[in-house]
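The structure appears below as structure tokens.
The values are calculated or read from the model by the stated rules, or taken from the named source; none is laboratory data. Values in this document were obtained by computation on a predicted structure and should not be read as measured data. Here the Cβ is made from the backbone with ideal geometry for all residues, glycine too, and neighbour counts use every protein chain on show.
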Number of protein chains: 2
Amino acid sequence: MVNGSGNRIKSLKDSSPKKKGNAFLITNLRNIRYMTGFTGSNGALLISGAGDFFFTDFRYKEQSAEEVKSCEVVISKKDFFGFIIKFINKLNLWKILLEDTIQYKDYARVSKHFTVSTTTDLVENLRSIKDQDELKLIKEAIRRAESAFTSVKAFIKPGITERAIANRMEEKLKQEGTEAIPFDTIVASGKRSALPHARPSEKKLQRGDLVVVDWGAECGGYFSDMTRTLLINGEGLDKKREIYDIVLRANSMATRKVKTGLTGAEIDDAARGSIRSAGYGEYFGHGTGHGVGLDVHEKPYISATATKLTLSSGMVFTIEPGIYIPGLGGVRIEDMVVVSGEGTGEKMTTLPEELETIW
Amino acid sequence: MVNGSGNRIKSLKDSSPKKKGNAFLITNLRNIRYMTGFTGSNGALLISGAGDFFFTDFRYKEQSAEEVKSCEVVISKKDFFGFIIKFINKLNLWKILLEDTIQYKDYARVSKHFTVSTTTDLVENLRSIKDQDELKLIKEAIRRAESAFTSVKAFIKPGITERAIANRMEEKLKQEGTEAIPFDTIVASGKRSALPHARPSEKKLQRGDLVVVDWGAECGGYFSDMTRTLLINGEGLDKKREIYDIVLRANSMATRKVKTGLTGAEIDDAARGSIRSAGYGEYFGHGTGHGVGLDVHEKPYISATATKLTLSSGMVFTIEPGIYIPGLGGVRIEDMVVVSGEGTGEKMTTLPEELETIW
């Protein structure tokens, strides 16, 4: 349940030009959850001068009655979009704004009946600024994530498989209260740690391995996303320690740079410039970070292309520079940061960041 | 990894009219997995007279090299769709077929540069017929699911919460080898069992409760989907036993009806008619079944509206009638069925279906 979702429809309406016949049809499920509190897998939200209506199907009759308080719930007959089109017709609405993330087939159907235009990121932009209720949920998701990691760390040792660690992590995340694990936990060791999106394999951890663990928790629909990299004691660790220190410095440079009014690209450049000047620029191939909320990847994006996005108080995002050297291994250190009321970056994650060499 | 995906691009090309300048751009990730074996979260597949190309980004460089053998892999620069559009331009292709499930914003971008048309379910239709390799993976997914259920059943008793049972199930599914749990396990007891899509709550199981457990496993990307309903001993169980028997009979009627050439609607009618004639028609509000494969809900759909879909050998789907009585509880019995080479329905699930009254 999203707290305060009751006011969000009103805010959106107040901020939009009101014209007779105009309506906004929201189809992105995470946007619907944000606007109404509905957590099911099928729905659409119509916001219009002729009233606000949430559509879902038979399966969610009881659930939608419990969750959706800010507008009327309508249970559709079969053929969901056909039902909605007829419903809009009866309301004498003729100009429909759609999200540009809608599937083409649904866009095509609606546009046969009405004058259609599309919008980009209208609700996503609202979602990128978190209110106090949302920050509380994200903080609890982070607490669950950190508690699970602390418990699983004792289990990480030479001879155990990546898959076993990932399974243990997901058990702990559930035990901590996470209902929906936001993404499959990444555990990548040795050479495999050089794959930024490796999936846990049957590979056993070995001495000298870098071990990248990237995991998320959830609370009330809001996610956390963190990465820590451990080092297992062994031979020839100098270069691994060197790249760890470079990544840690880049993480710190980017975090300290965070300030309202700066662009995502400027924050990205703080991390990227730091790694580049250490001589490892070509080994950092992904963006520096991304927003986290009802989606685990959402606005704001902290990357070289984010030249138009300026930071505002209430934005929550990751800072996650990394260096990935084929054949040697990789390091990523990912924290979550919120832009505070004072306009600076506050780290939300509390786990230590210094390199831990285990065993 | 999908076995045999190497031949699928060739089959699709052989079955399509070849015209100079024509290309098919596949953007649905499950369709891409089916066609190429790629399991990551970003990609597009271009099939054309000028060659076949799989596009992904930096994060999946190593993974795509391992997984995609049937066409050339191209790692895109930033702005994924912009890169693909330029690439297509250089190949002198001008007529692009898109899937109608593509997001409108991507459709709009591509259609600015090329003559675009859309197709419905082109790859989905191929996917609805499983080959021997795919059936093996689905059978293993079912084995994992059944083994997990058998183990968790001993844990189901009065006083334990729905959530604890669901967590235990997901632990067992992982231990059995499931990498990606296809959907959140449903455990719904007592009155909550009347909600077909209830999520596990902190409600404790009580004497006399019907307990619906709906869970899935996975193997090599292929899913299973099953439901069993248990009854906890207590008072006043007659009506609960009665609806169980009616649902079981409906399940059996539909399964025995399965035959190549019949429509999904005819199979649905066998289950629905059976429940209707017992006087409970209004309490069975969802379709009788759905295909299962790389998606947990895919073609063929077994519902009243599936009047155009005819069954073919190799199709795999669920039969899952249910009766849901508000205030009393619900029963659903869900099996997986394959249309055999002889053209009849073979049950793939092996767990007993008779009502088990526990404790």
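Within the bounds of region B:17-32, is there any residue that is more than 25 Å from the chain's Cα centre (by Cα), outside any loop (DSSP other than H, G, I, E, B) and crowded, with 21+ Cβ neighbours inside 10 Å? Yes - at least one qualifying residue is present in region B:17-32.
Just one of (1) within 14 Å of chain B (Cβ to nearest Cβ); (2) surrounded by fewer than 21 Cβ atoms within 10 Å (Cβ to Cβ); (3) of a type in the set (Ser, Thr, Tyr) fails for residue A:115. It is (1). Applying the criterion of at least 3 residues that are of a type outside the set (A, V, I, L, M) to the strands (runs of 3 or more DSSP E) found wholly in region B:144-263 leaves B:226-232. Residue check: residue B:345 meets all listed conditions (1) in a loop (DSSP other than H, G, I, E, B); (2) touching a residue at least 40 places away in the same chain (Cβ under 8 Å) but one, namely (1).
In region B:132-142, the residue that is surrounded by the most Cβ atoms within 10 Å (Cβ to Cβ) out of those that are charged (D, E, K, R) and under 16 Å from the mean Cα position of the chain (by Cα) is B:134. Of all positions in region B:43-53, at least one carries a residue that is at pLDDT below 90 and either of a type outside the set (Phe, Trp, Tyr) or more than 22 Å from residue B:129 (Cα to Cα) (or both). In region B:95-118, the qualifying residues are those that are free of Cβ contacts under 8 Å to residues at least 12 places away in the same chain and among the charged types (D, E, K, R), and the one that is farthest from residue A:106 (Cα to Cα) is B:112. Per this entry, residue A:158 is not counted among residues that are surrounded by 16 or more Cβ atoms within 10 Å (Cβ to Cβ), within 30 Å of residue B:104 (Cβ to Cβ), away from chain B (no Cβ under 11 Å) and touching a residue at least 60 places away in the same chain (Cβ under 8 Å).
Anything in region B:197-213 that is touching a residue at least 40 places away in the same chain (Cβ under 8 Å) and either surrounded by fewer than 24 Cβ atoms within 10 Å (Cβ to Cβ) or more than 21 Å from residue A:39 (Cβ to Cβ) (or both)? List them, or say none. Of everything in region B:197-213, those that are touching a residue at least 40 places away in the same chain (Cβ under 8 Å) and either surrounded by fewer than 24 Cβ atoms within 10 Å (Cβ to Cβ) or more than 21 Å from residue A:39 (Cβ to Cβ) (or both) turn out to be B:201, B:202, B:203, B:204, B:205, B:206, B:207, B:209, B:210, B:211. Somewhere in region B:166-185, is a residue more than 14 Å from chain A (Cβ to nearest Cβ), modelled with pLDDT of 95 or more and either over 18 Å from residue B:296 (Cα atoms) or in contact with a Phe, Trp or Tyr (Cβ under 6 Å, 6 or more places away or on another chain) (or both)? Looking through region B:166-185, none of the residues is more than 14 Å from chain A (Cβ to nearest Cβ), modelled with pLDDT of 95 or more and either over 18 Å from residue B:296 (Cα atoms) or in contact with a Phe, Trp or Tyr (Cβ under 6 Å, 6 or more places away or on another chain) (or both).
One residue stands out among those in region B:276-298 that are outside any loop (DSSP other than H, G, I, E, B) and under 19 Å from the mean Cα position of the chain (by Cα): the one that is nearest to the other protein chains (Cβ to nearest Cβ), which is B:290.
Restricting attention to region B:214-238, and to residues there that are touching a residue at least 40 places away in the same chain (Cβ under 8 Å), farther than 15 Å from residue B:356 by Cβ and out of contact with any Leu (no Cβ under 9 Å at 6 or more places or on another chain), which single residue is surrounded by the fewest Cβ atoms within 10 Å (Cβ to Cβ)? Here the residue is B:214.
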